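Below is one structure, written out as structure tokens; the observations come after it.
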Amino acid sequence: MKKKEAPGLGSERNPSAAGKIGAAPDLSVTIAGLKFRNPVMPASGTFGYGEEYAPLIDLEQIGAIVTKGLSLRPKAGNPTPRIAETVGGMLNAVGLQNVGVDAFIQEKLPFLCRIRTPVIVNFFGNTLEEYGEVAGRLADLEGVAAVECNISCPNVKQGGIVFGTDPRAAHSVVSLVRRRITKPLIVKLTPNITDITLIAQAVEEAGADAVSCINTLTGMAIDVFNRRPRLANITGGLSGPAIMPVALRMVYQVARQVRIPVIGIGGIAKAEDALQFLIAGASAVQVGSANFVDPQAMVSIVAGLDEFCRNQGINAVTELIGSLKTG
């Protein structure tokens, strides 16, 4: 007897889709005036500067390229060990290692300019002045479609308070960046706060065009045999499938409280995961830890979105955004 094949994503067809099944869906989305061929892109810090993945993935099959975070000056990052595997995820305390904005412009951007995929440059600072300076250097660069401002960093001039955990501090840094740059501005939010919607509303008011959430959750792991932390930094950022329910909840909450688009991040490894974020209200998604497991993960997710829409008779992926039924 021939083995019955397992049903694919979206195989439970929508009865009302009769006659439309199989039509090529429109997977494009528009965020802050930028049109992306599909809503799937890498999360910053998991995709290098793009060129590193070029031998492994067709960079023109994903919606955008999001670079590793850039600082004003080169940053060596934290001492090793700085990555530890956990159940359902991983901890990292890389420490935002990067080449610095000037080296990026000279050495990394020329390659990205040859790719027909929008480039989103992630950046950060430890003071308001650093945020403004990096934003200013990115402001007029050809080949940079948008910037993503990471506010999960400590303000060294304000006692180490993380910009992204205080609405006033978040408003101040985004306002400054907004004055320095006219490109679409995405602000990446930290989940390490009681109410993420307060920060989302603050950065929207300050001029953000979109928010991406969430960044990693703070966690730690211990080697019980030597009774030492498994990370030299002691704590690190938890990512991977384990955080997806938390991320999904936060995206749902933020999407209901702001008028600007939300980009969902957190544990996305397959098309069904991405679909959950879109239905919860995200306009696009970023894939992080899954890229380490399977460099083709994003391409597979795009294919899965296409398959789901075809099987459900959905003409455009935008029909799914915010379509959650709670009543």
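The values are calculated or read from the model by the stated rules, or taken from the named source; none is laboratory data. The model shown is predicted, which means the values in this text are computed figures rather than measured ones. Positions of Cβ are generated from backbone atoms using ideal geometry, with glycine treated the same way; all protein chains shown enter the neighbour counts.
Do we have Glu60 as over 23 Å from Ile151 (Cβ atoms), in contact with a Ser or Thr (Cβ under 8 Å, 6 or more places away or on another chain) and among the charged types (D, E, K, R) here?
Taking the combined requirement at face value, the residue satisfies it.
Which condition number in (1) part of a loop (DSSP other than H, G, I, E, B); (2) at pLDDT 95 or above is the one that Pro7 fails?
(2)
Taking the condition within 23 Å of Gly33 (Cα to Cα) and touching a helix residue (DSSP H, G or I) at 6+ places or on another chain (Cβ under 6 Å), does Val302 pass?
No.
For the range 171-189, does any single residue satisfy the condition of being closer than 19 Å to Ala255 by Cβ and of a type in the set (D, E, K, R)?
Checked the range 171-189: at least one residue is closer than 19 Å to Ala255 by Cβ and of a type in the set (D, E, K, R).
Could you tell me whether the range 142-149 includes any residue that is surrounded by fewer than 18 Cβ atoms within 10 Å (Cβ to Cβ), within 20 Å of Val66 (Cα to Cα) and out of contact with any strand residue (DSSP E or B) (no Cβ under 8 Å at 6 or more places or on another chain)?
The answer is yes, given that some residue of the range 142-149 is surrounded by fewer than 18 Cβ atoms within 10 Å (Cβ to Cβ), within 20 Å of Val66 (Cα to Cα) and out of contact with any strand residue (DSSP E or B) (no Cβ under 8 Å at 6 or more places or on another chain).
When you scan the range 49-90, how many residues do you find that are hydrophobic (A, V, I, L, M, F, W, C), closer than 24 Å to Ala303 by Cβ and assigned to a loop (DSSP other than H, G, I, E, B)?
6
Might you check whether a residue that is of a type outside the set (Gly, Ala, Ser), more than 23 Å from Leu189 (Cβ to Cβ) and without any contact (Cβ under 8 Å) to a residue 12 or more places away in the chain occurs anywhere in the range 85-100?
yes
Which of the following residues is at pLDDT 95 or above and closer than 19 Å to Leu59 by Cβ: Ile222, Ile263?
It is Ile263.
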